[in-house]
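Trainee: Take this structure, written in structure tokens, and hold onto it; I'll ask about it next.
The values are calculated or read from the model by the stated rules, or taken from the named source; none is laboratory data. No experiment lies behind these values; they were computed from the predicted model shown. As a convention, Cβ positions derive from the backbone with ideal geometry for all residues, glycine included, and neighbour counts pool all protein chains shown.
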Amino acid sequence: MELVDQNDIKLHSQKIILSTIIKNYPISRAKLSEITNLNKATVSLQAHSLIKKHLISEIGMGVSSGGRKPILLVFNKNAGYAIGVELAANYILSILIDLEGNKVFSDYFEFVNESMETLNSILIERIRMVVNHAPESPYGIIGIGVGVHGFVNENQTVVFTPHSNWDKVDIKDLLEEQFTFPVFIDNEANAGAFGEKLYGEIKNSDNSIYVSVGTGIGLGIIVNNKLYRGSDGVSGEMGHMSIEFNGKKCGCGNQGCWELYASESAFFKNLSKIKNGVEMTHEKANKMILENDRDILMEIEKFGHFLGIGLTNMINTFNPDAIILRSNLIEANPIILKSIKKAVSKRVSRYIPLKNEIFISQLNRNAAALGAASFMIKKFLVDSKTFN
């Protein structure tokens, strides 16, 4: 029992030292001891172990404060690599990142009306290509994180995807059969929120909401610096919140769902009707906005109006520090943000302080894949197997 306890103490010390180095490098052993409150002998011993495990390295001398110049330690961000995948209704985005979240390689593949059998093969093929772009490293690929547009429960099972058939596939088993790496499946909006929390506008925010606006609408909710998942892991499906009592019928079984009025697909569908059935794309919409097309400017007002209604409900419910909007349409046309903010300002409770900030995502379409990959990095850096 004593040996087990001593080993636990050793692993705990290593994790504290590593996390401190990641946040503060380059850093000396003396400074590590000061910050962590671990004695110098423990810091020296466990730092040596982390060097042997290739998780940190020495880079030379620092500035002396009166004695010998200290040897500085740095985190080895290239000790391993993680893969992040976003599975959407019409595309697969895959990225490879180092242990600090820096993108090394990415792949984007669009598809239309492919069978699930074909898509399974495509998914495996695209991930294999990403694997082949990973540089040599001590730990290689540490895992694959996947963000899926739809309901994903606590068992990492995709139970419903309203705009595709990814729920017909056991994605976790499929990938674990093909690859030797750990696999983690989550909702795309949760992955996007995690990515934004680590690398985006909300990294200094304790309570925030990430809103993914595309084919549908999904939310990733950060409460007290942690992802809020609900009792079964399927929180954040606010795209299926009713905003019209007797509204349109939704594929989820509800009526008047928010995403039927405020998603990009709803926007393009309405615009297509106005333009006599002409198929609409982001490129066409962007051009029409630049040309001040009257029809699209009116639709933008409606789009902002309906988005604002839903966001007001989020603000009244969660009182977040910030809201991040992830949308190709909004990112390309920030003018839409004015319509959204106008709708929110008209409806938000007067008793809620107007500190709430609404931002456009700076991570753009990489947010979900980056967050999914980062789930695997977090697991790797706290997994006891890494330190044994």
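Trainee: Under 7 Å between Cβ atoms, at least 6 apart or on separate chains: pull out the pairs that start in segment 272-300 with a residue that is small (Gly, Ala, Ser) and end on any residue that is surrounded by 10 or more Cβ atoms within 10 Å (Cβ to Cβ) and in a loop (DSSP other than H, G, I, E, B).
Mentor: These pairs meet every condition: Ser272/Val278; Ser272/Met280.
Trainee: Scan the helices (runs of 4 or more DSSP H) fully inside segment 212-318 and keep the ones with 2 or more residues being under 30 Å from Glu154 (Cα atoms).
Mentor: Ranges flagged: 259-262, 264-274, 294-318.
Trainee: Step by step: first the residues of segment 192-246, then only those that are over 15 Å from the mean Cα position of the chain (by Cα) and on the phi > 0 side of the Ramachandran plot, then the one that is modelled with the highest pLDDT. Which residue is that?
Mentor: Asn224
Trainee: Given the options Leu260, Leu198, Leu271, Leu227, name the one that is within 18 Å of Val148 (Cβ to Cβ) and aliphatic (A, V, I, L, M).
Mentor: Leu227
Trainee: Residues that are touching a Leu at 6+ places or on another chain (Cβ under 7 Å), in the same structural domain as Phe179 (by TED's automatic domain parsing) and within 28 Å of Val382 (Cα to Cα): does segment 117-127 have at least one?
Mentor: No, there is no match, as no residue in segment 117-127 is touching a Leu at 6+ places or on another chain (Cβ under 7 Å), in the same structural domain as Phe179 (by TED's automatic domain parsing) and within 28 Å of Val382 (Cα to Cα).
Trainee: Could you tell me which numbered condition Arg326 fails, if it satisfies all but one of (1) closer than 27 Å to Glu264 by Cβ; (2) surrounded by fewer than 20 Cβ atoms within 10 Å (Cβ to Cβ)?
Mentor: (2)
Trainee: Among the listed residues Glu244, Glu264, Glu196, Glu237, identify the single one that is of a type in the set (Asp, Glu) and without any contact (Cβ under 8 Å) to a residue 60 or more places away in the chain.
Mentor: Of the residues listed, the single one that is of a type in the set (Asp, Glu) and without any contact (Cβ under 8 Å) to a residue 60 or more places away in the chain is Glu244.
Trainee: Being of a type in the set (A, V, I, L, M) and in contact with an Asp or Glu (Cβ under 9 Å, 6 or more places away or on another chain): is that true of Leu290 here?
Mentor: Details: of a type in the set (A, V, I, L, M): yes; in contact with an Asp or Glu (Cβ under 9 Å, 6 or more places away or on another chain): no.
In short, no.
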